[in-house]
Every structure is written in structure tokens, then in C-alpha cells.
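Peer 1: The structure under discussion is supplied below as C-alpha cells; questions concerning it will follow.
The values are calculated or read from the model by the stated rules, or taken from the named source; none is laboratory data. None of these values were measured; they are calculated from a predicted model. Positions of Cβ are backbone-derived with ideal geometry, glycine not excepted, and every protein chain shown enters the neighbour counts. Heavy atoms of the whole protein, side chains included, go into the accessibility calculation; ligands, DNA and RNA do not. Shrake-Rupley method; radii C 1.70, N 1.55, O 1.52, S 1.80 Å.
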Amino acid sequence: MTVIGGALAAGCAAPGSDAPEAQPTNAATPSTAPGCGTEPITLKGYFETGFPLPKTLTEEFSKQYPNVKWDIREDQFAVITQNAPRVLADDPPDLMRLPQVSELVKDNLLKNMDGYAQAFGWDKWPASQLEQMRLAPGGKVRGEGSLYAMGLNFSMTGVFYNKKLAEKVGMSAPPATLAEFDDLLAKAKAAGVDPIAQFNGGATGGLAFPLQNLMAAYGPAGPINEWIYQKPGATIDTPTNLQAARHLEKWIKAGYFWKDVNAVDYATMMSRFIDGKGLFMFDGDWESGNLDKQMPGDAGFFLMPSAQEGGKLAAMSAPLTFGVGARAKNPDCAAFFLNWVATDDKARDIGVEVGGSHPMGPADAHMPDVKPGTVTESTLAAGAKIAEDNGAMDFIANATGAIYAKSWTPNLQKMVAGQQTPEGLLKSVQSDYQSQTGGN
Amino acid sequence: MTGPTPDEAVDLAESRPGPRSRRRSPRGGLRRPGLVGWLFILPALAFYVVFVLRPIALTFQYSLYTWDGIGPSTWAGFANYVKVFTDPDLFASILNAIKLIVFFSAIPVLLGLAIAATIRQIATSRLALVARTVIFLPQVIPLVAAGIAWTWLLSSTGVINQLLTLVGLGDITRAWLGDFSTALPAVGLIGAWVLLGLCTLLLLAGMSKIDPALYEAARLDGAGPLREFRSITLPSLRQELAVCVTVTVIAALASFDIIYISTQGGPGNSTMVPGLEIYYLAFSERQIGVASALAMVLMVIVIAVALPIQRLTRDR
């Protein structure tokens, strides 16, 4: 009986009473330049499975700095998302692929990188590159405040298309307006070509991609970003977003998506698109390298056209976020690595060739030569256009930790089944958002 | 629930040889022989306490707080329980689990009875052995693998739809797991397929225990096969049926893996069950308190359903 009593009593303190204390913000520049030294050192990494970029970079880094060895653990992104708080609290890695960061900052689990940003001069890079990883004290609002993570590169989304099918429906150039895009979709449908390849199954509602692209076509990116950054009073239920949701519903009703779209997952979408079952696909440049390999010369890319002729373009564009644990053993070396990824020529080459996306870093930094006519070339060019139009948005699925699986996805799936209206979709997501962010 | 219950522990102590009078006295069992008995079960009891009772106690404790799993928590009292019953999404998940009982429990038990009776009729033939093996096979396959295989079978281009088209039913083909009206039954079908083998084998084992003389006597009295089944087979299978129903009902109420693999709760929330909801609440929404409250409610429901089944079917 004493055994039972003792074991049961062990959990009597209020849960979370051993939570990590807030670290001193340490915003001052470190007295000595951060680096990896010359002594043997082992960096602990926690990366995403099936994503070769970070590992390739660490291999190259160890070649250039032989005293640095890596101890890398890999998991699927969904697993990392669920594990992140616990791993950062119990066994903090030096370098970690991060999910949505607000909640991690709120719990004091991530290192404040302001000191490194100053020491390495990251604060002189185009500000938009770091904006999504800045958080106000307490992790409440994103887009401003201290830097809590870094990107290995920044990726961007738009519309891929199958050039052979495009020829079949008489598409000679990417559409310049939303009306032209609609026209092409209708032509494809009439020609018996599946107009849009998209996933929307399980807990990942892929129709959020075209929806956000339509939001960008109808309205400015600013208010959408404010909503994602949890600015007080922000709402997703705006008139232009409603136009976008109605437009998406029109596409659904016109049969532009596969009939079984609610049962299609991401991998199935990719394999079907590569097999030629879909003219357009809303997806990101992380697939550029893959598509160049799987359907060489046959895949094209354009940014979602605006609803108005000559309107500004916007796209979901986010850094491949990595952070340093608040209580990591080798934060200086980890930060040095992140700086190396953005500034070393060889590392930038790897970023483009393996990662398929634009490297971080100063605007005038080295850019590798890309083979003309590839999708990678078009996505990199599109990235420059988005920077010019200041049209980078984070993904509406990243506004809170649960908004994607528990709100966007079920509502978009209901919309496909005719059980949700555009108005209801935005109202329902906004109400979930308010309960998840504490009613601001 | 693998550890011995206190009742079994007392039985264990009482089965030791000793004066009859001491065994009968209520305190006697706890004297010297009883003490040795407790010593024997101590290792198992320790495991049971640490890995079963303590987590349950902790879950109950967490259910009384608002907590994100890392930071400081605040006392919430029974607010999380109120949420479980008032939040339409959470309550709908409980209803879905109850609907799944039809597929996970009723179908395997009824179909299992029919199959077991049939196999028994042909017990001596080689076909019986093959049938037994084939039907039990799903039990050997990990649920995750079963889920993946069925996702392929039920997809819009899967074998099921191909077969339907072949027999001229092309009009009803659809993505079974992606359709609001068919997703839950489709998931239930996978569960039925997995649990059918277990029930069939259990019932078959129970049938082989029945004394053949009973059947002979019944036949001499002029009973037909149906009458035999109703008057001899069914009553003799009382305990096996109790085990089947209990195990399958719990599998329905506490289902997680099949649904996580095949639909992840979608489309919409049409296949969301408490097990999956608890997982989302705890690890994705980081509401440990609400997740724990739902877990406690689920445990109470499981006990409330399982205990009467045990009681009703107990041999007297």
C-alpha cells in the first residue's frame, strides 16, 4: 500500500511547475566573435526526414571545419511539431527544424538570436527575410521584436503547370490575370484534361494553397500577414478574402478539382501530377528540383496572377526555419553554421541545387548558375518578383499550432462536399482562431 | 489491464493449503499465508501501480488544470469536463465512437458466430484449416499495415472500385474514405475485418469444448441444427461471447490507429473519435487539460459499457 501511495503522491505538484525559467535576453553582441573554435566539437541536430538539404549542408560544413562533428536525429515534420516543446525543454538540440514558433518562445524554449544577428550582420539583410522569425516579448505577436530563429533558405509557392497539357489546351503563355486563368481552367475541363491537381485529404487540407493564392489575387498581402502574426484585432473574415473563398467555391462547383480530392494526400497529388493527371498544381518551389528530375523540360511555373491587370503579385513565402535551443550546449557554433549557410558560396550552391529554393543572405550575395529552361530557374525568378512587389506572406495554416488540422482542413473538406459556404468557412476559422489565440 | 486485481490476489492466498476454518474467516486470508501471497504479487503490483494507476491518477490531475504541457499551469476545476460535453466537436467524436461499435463489435461477433459454426460443421476437412488461417490472418498483421492496405483498396482507383465497375456498379464508385457519407462506415469495415478473426477463433475454441454427448442427446430428442445451436451452442459460449463483446466494444470506443492511418479524422470531422481527438488536443492544440478530461471521460465510458457485459454473461 505504501508503494501505491508513494507512486500516486509523486504527481501532486501542479503540472508545469518545473517549467523552464526565462533566459536573460542577452541582446548585446557577444564579446568574442561566435564560432566553432578549433577543439573537436559535436553539434546535436534535429532535422526533418525526407528533406536532404540540412544534412547535405552539415556534410559540407564538416568538410570545411573538420573539428565539427554532427549527431543528427531525424523525424517527420508532424512528429517534430508534436515533440518540439518537450525536446527543447528536456534535451535541447543545438540546431533544430522548427514548427510554428510563437508557443515555443512563450515557453522560453528558444535562444534569442539578436546578439548573433548583430555580430554577423544579419540585420543588414533585406528585412523581409527575417521578419517572420521575429517575435515580440512573450511570443504574442510575430513579425516584430527579437529574432528567435533563422532560415536555411526561403521557399515560395505559386502554380506549377504541365507544359504538354498546356499545349493541348492552347495555353501559350502563363495567364496574366485571374480571368485569363479562369479561361484556361475552363478550356482544360472542356478538353478532358484535369484542370487542377491538388490534395485535400486527411488532416492536411491542400485547398488552403489555392485559397490563399486567390486571397492574394483579390487583396493585399498585409492584412493576411497581420492575421497570421496574431496582431490584435486581425481578422481573416474580410471582404476581399470572401471574394477569394467564393472564387474557390466556384472552382469546386465547376469540377476543376479531382472528384476524390478529399481523399488525396500530398504524395498522391505529386505522383498524379508527374503522371500528367492535372494541368495546374498549387505548390512550392521545394519541388522544383524534384520536378526538374521527374519531368525534365515539361514543368513550368508562374505566380498566381492578380484579379486586376498589372496588379501586384503575392505568394506564400516562408523561411525554412531552424532555431537554437535556449539551453543548447553549443549555441555559438550553431549560429556560426547558420551564418555560413547564408554566406558561403558552396553552401548557397547546395541551397539552390538540393533545396530548390532561394538562399538567405545579403541581396548581392553569390547566386549559383541555374540551367536555363528548368523549373528551378522560373521559381528563382518568381522569388525576385515577389521581393520586388513586397508580396511575401506566411502560410495561413501557420497562424496557430492547431488552425490547419482543426480548422482550415475540416472546413475546406466540408466546402468540397457542399456542406460549408464561403461565408461560413471564414467565420468558422476566425472563431477557432480567436479561441486559440486567447480571444484577441 | 494485465496485473492481478486485489480479488485475484486474495484467491491466490486462499488457494494455499491450510485449515479450512482459516480460509473461511475474512481476516484469515491476510495473516501469514496472505502476506506471502502479497510478496509474490509485489513485482507485478509495483508495475501495475507505476504504469497503470499512476498515469490514470496523473491524467485526472492534469484534467483539472489549464496547461500547455510545458509552462506553468492554472487551476481550472471541472471546466475542462464541461467543455468535453458542451463543445460540439468533442461530443461528436464520442458519438462517432459509439456508432463504430456496430462495425467493430456487432459485425465481428455475429459473423464470427456464423463462421465458427460453419467451420465446426466441416471441422475434419482441410478447408476448415484454411478458412481458420485466412480469417485469423488480419490479427497477425499490424493495424497500421492493415490501415495502409485498406486505404489503397478503398481509394478511388482501388480494387474495390474496380470490382464494382466490373460487376456493373460503376455508378456507386467513389473515394470511400474521402466521402462524408461513407468515411465512417469504411473505417468501420476495416475494424470489422481486423476483429472478425479474433472472434471466430475464440468462438471456435469455445465450441470445441462442448461435450459432443449433449448434441447426441439433443438429436435423439429430435432437435434440428437450429435448435441445437440455440439450446446448446449459444448458452455454452456465454463466456467466449463475453470476451468477444468486451474486447471489440473497447476496441471501438478506444479506436485510434486504424483511423489515424486511414482518414486522420477527416473528411471534415466525420471520422473523428475520442482517441484521435485526445491526441490532437494534447500534441497539436497543446491543451493538456481538455485532452486529459476527455481521456478520463472515455475511460469512464469504457468501464461503464464493459462492466455490465461482464456481469450479464458471468456463469452462475
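Peer 1: May I ask you to evaluate 6.51 cos²θ - 1.76 cosθ + 1.60, the Karplus curve with θ = phi - 60°, for each residue of region A:174-186 and list the ³J(HN,Hα) values in order in whole Hz, giving x for glycine and proline?
Peer 2: The phi angles translate into x, x, 9, 9, 4, 4, 5, 4, 4, 4, 5, 4, 5 Hz.
Peer 1: Calculate one ³J(HN,Hα) per residue across region B:192-202 by plugging θ = phi - 60° into the Karplus curve 6.51 cos²θ - 1.76 cosθ + 1.60, and present them in order as whole Hz with x for glycine and proline.
Peer 2: 4, 4, 5, 8, 4, x, 4, 5, 4, 5, 4
Peer 1: Just tell me how shielded B:60-72 is by partners: mean number of partner chain Cβ atoms within 10 Å of each residue's Cβ, no decimals.
Peer 2: The per-residue average across the peptide is 6.
Peer 1: Would you please give the residues with an amide H less than 5 Å from that of A:Ser306, counting only those at least 5 places away or on a separate chain, with H modeled from the backbone geometry?
Peer 2: Result for A:Ser306 returns A:Leu178, A:Gly311.
Peer 1: Stokes-Einstein at 20 °C, 1.002 mPa s, Kirkwood radius from Cα pairs: D for chain A in µm² s⁻¹?
Peer 2: For these conditions, the coefficient is 93 µm²/s.
Peer 1: So if I place +1 on the C-beta of Lys and Arg and -1 on the C-beta of Asp and Glu, and nothing else carries charge, what would the dipole magnitude of the protein assembly as shown be about its Cα centre? I want it in debye, nearest 20.
Peer 2: 3420
Peer 1: Distance cut-off 29 Å, Cα to Cα: go down the list A:Lys63/A:Lys140; A:Lys124/A:Lys312; A:Lys168/A:Lys259; A:Lys69/A:Lys346; A:Lys111/A:Lys427 and report the pairs above it.
Peer 2: In this structure, A:Lys63/A:Lys140; A:Lys111/A:Lys427 lie more than 29 Å apart at Cα.
Peer 1: How would B:Arg174, A:Arg327 line up by accessible area, probe 1.4 Å, largest first?
Peer 2: If we order B:Arg174, A:Arg327 from most to least accessible, we get A:Arg327, B:Arg174.
Peer 1: Next up: Counting heavy atoms of the protein chains only and a 1.4 Å probe, report the per residue accessible area for region A:275-393 as a whole number of Å².
Peer 2: Accessible area per residue, region A:275-393: 39 Å².
Peer 1: What size of dipole, in debye to the nearest 20, comes out for chain A about its Cα centre when the only charges are +1 on Lys and Arg C-beta atoms and -1 on Asp and Glu C-beta atoms?
Peer 2: Roughly 780 debye for chain A.
Peer 1: While we're looking at this one, here's another question. List, in order, the whole-Hz ³J(HN,Hα) value for each residue of region A:233-239 obtained from phi through the Karplus relation with A = 6.51, B = -1.76, C = 1.60 and θ = phi - 60°; use x for Gly and Pro.
Peer 2: Values per residue, Gly and Pro as x: x, 5, 9, 8, 8, 10, x Hz.
Peer 1: Here's something else I'd like to know. Could you pull out every residue, at least 5 positions away or on a different chain, whose amide H is within less than 5 Å of the one on A:Ile72? Hs are placed 1.01 Å off N in the peptide plane, and Pro or chain starts have none.
Peer 2: Sorted by chain and number, the residues that satisfy this are A:Gly45.
Peer 1: What is region B:180-308's relative contact order, in percent, from Cα pairs under 8 angstrom and six or more apart in sequence?
Peer 2: Value for region B:180-308: 26 percent.
Peer 1: Also: Taking all pairs of different Cα atoms in region A:84-236, averaging 1/r and flipping that mean, what Kirkwood radius in angstroms comes out?
Peer 2: Taking every pair of different Cα atoms in region A:84-236, averaging 1/r and inverting gives 18.9 Å.
Peer 1: Averaging sequence separations of C-alpha pairs under 8 Å and six or more residues apart, then dividing by the length of chain A, give the relative contact order as a whole percent.
Peer 2: Averaging sequence separation for qualifying contacts and normalising by length gives 23 percent for chain A.
Peer 1: From the Cα gyration tensor of region B:123-173, with a ≥ b ≥ c the square roots of its eigenvalues, which class applies: rounded if a/c is under 1.5, or else prolate if a/b is larger than b/c, or else oblate?
Peer 2: Taking the square roots of the gyration eigenvalues as a ≥ b ≥ c, region B:123-173 is oblate.
Peer 1: Out of every Cα-Cα pair in region A:305-374, what percent are more than 14 Å apart?
Peer 2: Of all Cα-Cα distances in region A:305-374, 70 percent exceed 14 Å.
Peer 1: Now a separate question. State the percentage of accessible surface on region A:250-335 attributable to carbon and sulfur atoms; use a 1.4 Å probe and exclude ligands, DNA and RNA.
Peer 2: 49
Peer 1: Picking from B:Ser156, B:Leu189, B:Pro212, whose Cα lies most toward the positive end of the charge dipole for region B:88-312 (charges on Cβ: Lys, Arg +1; Asp, Glu -1)?
Peer 2: B:Pro212
Peer 1: Here's another thing I want to ask about it. Amide H neighbours of A:Phe301 under 5 Å, at least 5 residues apart or on other chains, H built in the peptide plane: list them.
Peer 2: Long-range HN contacts for A:Phe301: A:Tyr161.
Peer 1: Now, a different point. For chain A, what is the calculated [θ] at 222 nm in deg cm²/dmol (nearest 500), taking -39500 (n - 2.57) for each run of four or more DSSP H residues and dividing by its residue count?
Peer 2: After summing the helix terms and dividing by residue count, I get -12000 deg cm²/dmol.
Peer 1: I need to check one value: relative contact order of chain B, counting alpha carbon pairs closer than 8 Å and at least 6 residues apart, in percent.
Peer 2: Relative contact order comes out at 25 percent.
Peer 1: What is the mean number of Cβ atoms from other protein chains located within 10 Å of the Cβ atom of each residue in peptide B:175-183, rounded to a whole number?
Peer 2: Counting Cβ atoms of other protein chains within 10 Å of each residue's Cβ and averaging gives 5.
Peer 1: What residue among B:Ile172, B:Ile135, B:Ile250 has the largest mean-square fluctuation in a Gaussian network model of chain B, using Cα springs under 10 Å?
Peer 2: Maximum among the listed residues: B:Ile172.
Peer 1: Using alpha carbons only, how many angstrom separate the centre of region B:250-273 from the centre of region B:192-210?
Peer 2: About 25 Å separates the Cα centre of region B:250-273 from the one of region B:192-210.
Peer 1: Rounded to whole Å and sorted largest first, list the principal axis extents of the Cα atoms in the protein assembly as shown.
Peer 2: Principal-axis extents of the protein assembly as shown (Cα, largest first): 96, 68, 49 Å.
Peer 1: Charges only on Cβ, +1 for Lys and Arg, -1 for Asp and Glu: so what's the dipole of chain B about the Cα centre, in debye to the nearest 20?
Peer 2: 1460
Peer 1: Turning to a different aspect of this structure: Per q in 0.08, 0.10, 0.14 Å⁻¹, report the Debye log10 I(q)/I(0) for region B:88-312, using one uniform scatterer on each alpha carbon and no solvent.
Peer 2: -0.36, -0.55, -0.95
Peer 1: Once neighbouring chains are kept in place and the probe is 1.4 Å, which whole percent of the accessible area of region B:88-312 is contributed by carbon and sulfur?
Peer 2: The computed percentage sits at 71.
Peer 1: Let me ask something else. Give me the accessible area buried between chains A and B, both sides summed, with a 1.4 Å probe, in Å² rounded to the nearest 100.
Peer 2: When A and B are taken together, about 2900 Å² of accessible area is lost.
Peer 1: Using just the helices of chain B, give the 222 nm mean residue ellipticity in deg cm²/dmol: DSSP H runs with n ≥ 4 each add -39,500 (n - 2.57), and the total is spread over all residues, rounded to 500.
Peer 2: Computed mean residue ellipticity for chain B: -20000 deg cm²/dmol.
Peer 1: Which residue fluctuates most in the GNM of chain A (Cα springs below 10 Å): A:Gly311, A:Gly170, A:Gly325?
Peer 2: Fluctuation is largest for A:Gly170.
Peer 1: I'd like to know which of B:Leu234, B:Met299, B:Asn269 lies farthest towards the positive end of the charge dipole of chain B, counting +1 on Cβ of Lys and Arg and -1 on Cβ of Asp and Glu.
Peer 2: B:Leu234
Peer 1: Something else now. If you roll a 1.4 Å probe over the heavy atoms of the protein chains, what accessible area per residue do you get for region B:88-312, in Å²?
Peer 2: 48
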